[in-house]
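This report refers to the structure that appears directly beneath it.
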Amino acid sequence: MMPKSELYPTNTLPTAAKILANVIVLGSAVLGRAFVQAYRQALSNASKSGVAREAVQNIRRASKAMAEPEARQVLGVTEHASWEEISQRYDSLFKQNATNGSFYLQSKVHRAKECLEGAYAKKAQGTMDG
């Protein structure tokens, strides 16, 4: 009969545990690197497509909506101005700022038109309902 130490070698269990631990550590390191790389790629793709930029702009736009008096002041129109006057004023100011390169002013003019569009839509809906 064989001695017990030859049937069950004592050094194989720690060796198997070490191998298993190494496999787990290396596997998790590879997965971690892959996750980080995928996340960076997703951020890169989002910035290229403008998704992140658009989300930030939507948040800013919602928090800093232009008031109707400010919109009228930006476009230089009165409360009683017709939509045609507003549209002509918008076109004129937008084109002037496009050629001179003032993106900020061009954006202000555009936001003013959007604000007044909303105000005129509400007024038109109010006259239809009443």
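Readers should treat all values here as calculations from the given coordinates under stated rules, not as data from a laboratory. Remember, predicted model here, so these are calculated numbers, not experimental data. For neighbour counting, all protein chains shown are included, and Cβ atoms are generated from backbone atoms with ideal geometry for every residue, glycine included.
Using the Cβ atoms and a cut-off under 10 Å, what net charge is assigned to the surroundings of residue 93, where Lys and Arg are +1 and Asp and Glu are -1?
Around residue 93, the charge tally is +3.
From the alpha carbon gyration tensor of segment 66-129, can you work out the equivalent ellipsoid semi-axes (sqrt of 5 times each eigenvalue) and give them in Å, largest to smallest?
So the equivalent ellipsoid measures 23, 11, 9 Å along its semi-axes.
Can you tell me the length gained on complete extension of the stretch residue 25 to residue 57, counting 0.36 nm per residue apart and subtracting the Cα distance?
7.3 nm
Which of 112, 125, 83 sits farthest toward the positive end of the charge dipole of segment 66-129, with +1 on the Cβ of Lys and Arg and -1 on the Cβ of Asp and Glu?
Comparing the listed Cα positions along the dipole, 112 ranks first.
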